[in-house]
Amino acid sequence: MNNNILTKIEDHIGVATLNRPKVLNALSSELMDELIEALESFDRDREVRVIVITGSEKAFAAGADIGDMAEASFLDMYEKNNLARWLKIKNVRKPIIAAVSGFCLGGGCELAMICDMIVASESAKFGQPEINLGIIPGAGGTQRLTRAIGKYRAMEVILAGKFLSAHEAFEAGLVTRVVSKERFYAEAMILAREIAKRPPIAVQIGKDAVSKALELSLNDGLEYERRVFYSLFATQDQKEGMKAFAEKRPAKFEGR
Ligand code: DAK
């Protein structure tokens, strides 16, 4: 471990902080491995209900580490199979909030987009500038950005290298909340605490069902939702939530 990722657990929230400030948190292979290890450990830990990924005020992440890729051949990239790493992040079951300030570019923007919510500081800049390097996004940027903001705006970001300000990203539907640069981390934690109070299994199944909306047809998605909805009646949290409502008291959810 090289401290490329700093971790802590606070109020049922697992926080992973990207920590390569000298290179604006460029996503080296080592950093990605450490990040995945941290996320998978939070996902296994019953104490953790929500995950926050953040960077510094200056940069969430300025992309994959260009130095790692500059001399790579097709075979190097193919054999590294970096996409497998990203699938591990996609498979995390607990909700992940990206707390973003400053540069959020290339693989950094793809990392924010693989999260479930994005809280952005007013200074955040979102972009997929890979085109300037002779490549295109390779970790979901062409797909997730297009689904989030639509084809016509995504084309400008991906083909012309346009950066979106936090407010533009919010207006376009990429960002959950925009706050001042002093507050972006605190706001992300407030949102995380709101979710951490809710029944953990229903929260995870809700994440899964919303994510399916981007992958399935409407009919298949409705069918999927119906099945997982029924499954929640097997949880103690459903009994507790409805009993607490009837008894006019706050529910105590245990994640069982
Ligand atoms: N990689 C490595 N180093 C980086 C970096 C990056 N992406 N971004 C910044 N740095 C380093 C700079 O080289 C500089 O280092 P020193 O020169 O001080 O040693 C330091 O961070 C500070 O950067 P600047 O001096 O450039 O700072 P400025 O404020 O002037 O400019 C900037 C900030 C963010 C506009 C600029 O640094 C910049 O344009 N950075 C590159 C942004 C970029 O092109 N990002 C996309 C990278 S490509 C894949 C999945 C994903 C990907 C690939 C494959 N697979 C699944 C296969 C992703 C690809 C990418 O993200």
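Only the coordinates and a few stated rules stand behind these numbers; no lab work does. No experiment lies behind these values; they were computed from the predicted model shown. Cβ atoms come from the backbone with ideal geometry, glycine included; neighbour counts cover every protein chain shown.
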Exercise. Ranked by Cβ crowding within 10 angstrom, fewest neighbours first, how are 176, 54 ordered?
Worked result: 176, 54
Problem set entry | Environment charge at residue 59 (Cβ cut-off 14 Å; Lys +1, Arg +1, Asp -1, Glu -1) | +3
Exercise. Quick one: net charge of residue 32's neighbours, Cβ under 15 Å, K/R +1, D/E -1?
Worked result: -3
Seminar exercise, completed: the chain, Gaussian network, Cα under 10 Å: of 213, 16, 99, the residue fluctuating most is 213
Seminar exercise, completed: Scoring only Lys, Arg, Asp and Glu (+1, +1, -1, -1) among other residues with Cβ under 15 Å from the Cβ of residue 18 yields -2
Exercise. Separation of segment 147-176 and segment 51-79 by C-alpha centroid, Å?
Worked result: 20
For this session: Give the share of C-alpha pairs in each 5 angstrom bin for the chain, from 0 to the last occupied bin, in whole percents, shortest bins first.
Result: 1, 6, 12, 16, 18, 17, 12, 8, 5, 2, 1, 0, 0, 0
Problem set entry | Convex hull volume per residue for segment 1-151, taking Cα atoms only, in Å³ | 116
Problem set entry | Positive-end residue, the chain charge dipole about Cα centroid, Cβ charges, pick of 42, 236, 128 | 236
Seminar exercise, completed: Taking a ≥ b ≥ c as the square roots of the eigenvalues of the Cα gyration tensor, with a/c under 1.5 meaning rounded and otherwise prolate when a/b exceeds b/c and oblate if not, segment 96-223 is oblate
Seminar exercise, completed: Summing -39500 (n - 2.57) over every DSSP H run of at least 4 residues in the chain and dividing by its residue count gives a helix-only mean residue ellipticity at 222 nm, to the nearest 500 deg cm²/dmol, of -14000 deg cm²/dmol
Exercise. Of the residues 161, 141, 14, which exhibits the maximal mean-square fluctuation in a Gaussian network model of the chain defined by a 10 Å Cα contact cut-off?
Worked result: 161
For this session: Of the DSSP beta bridges with both residues in the chain, give the percent that are antiparallel, rounding to the nearest 5.
Result: 25
For this session: Of the listed pairs 90/162; 80/125; 151/212; 90/248; 8/151; 207/252, which have alpha-carbon separations greater than 31 Å here?
Result: 90/248; 8/151
Seminar exercise, completed: Going from the fewest other Cβ atoms within 10 Å to the most, one would list 33, 237 as 33, 237
